[in-house]
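A.B. asks: Can you read through this structure? Questions will come right after.
Bear in mind that the values in this text are calculations on the coordinates, not laboratory data. Every value quoted in this text rests on a predicted model; they were computed, and no experiment measured them.
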Amino acid sequence: GASNEARSSTWCATVRGSDSGQTAAHWAAASGHGETLAALLEADPHAVLLRDERGLNASAVAAREGYDRLEGALTRLENDRVVCVRVRGQLAVQRPLTPSSDLQGQQA
């Protein structure tokens, strides 16, 4: 297959369907929408760790699009300590602090 660089150049135009592996967090990061990311990550904190079919997570997408402050905030969230708990047989991820404070106001 093509290298990641070659695949990335046409990716936005051709692969935004369900097979892309992108989440709403990826799309918000690609557009620099910090407040949207804060709301998404508050609802699903582990979304910050998910990678698309190119192997990119939300912070890498933000970095590629030039949203350096947003990328920094997402990277800090990736490195946060998390506590995993079982709630009614399902795995849930709890963060000690809400991500909203770091991400709000990060729009470029």
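A.B. asks: Working from the pairwise distances between different alpha carbons, so that the mean of 1/r is found and then inverted, what is the range 24-80's Kirkwood radius in Å?
C.D. replies: Kirkwood radius, the range 24-80: 10.7 Å.
A.B. asks: Can you compute 3J(HN,Hα) from phi for each residue in the range 57-71, using the Karplus curve 6.51 cos²θ - 1.76 cosθ + 1.60 with θ = phi - 60°, rounded to whole Hz and x for Gly and Pro?
C.D. replies: Values per residue, Gly and Pro as x: 9, 4, 5, 5, 5, 4, 5, 5, 8, x, 8, 5, 5, 5, 4 Hz.
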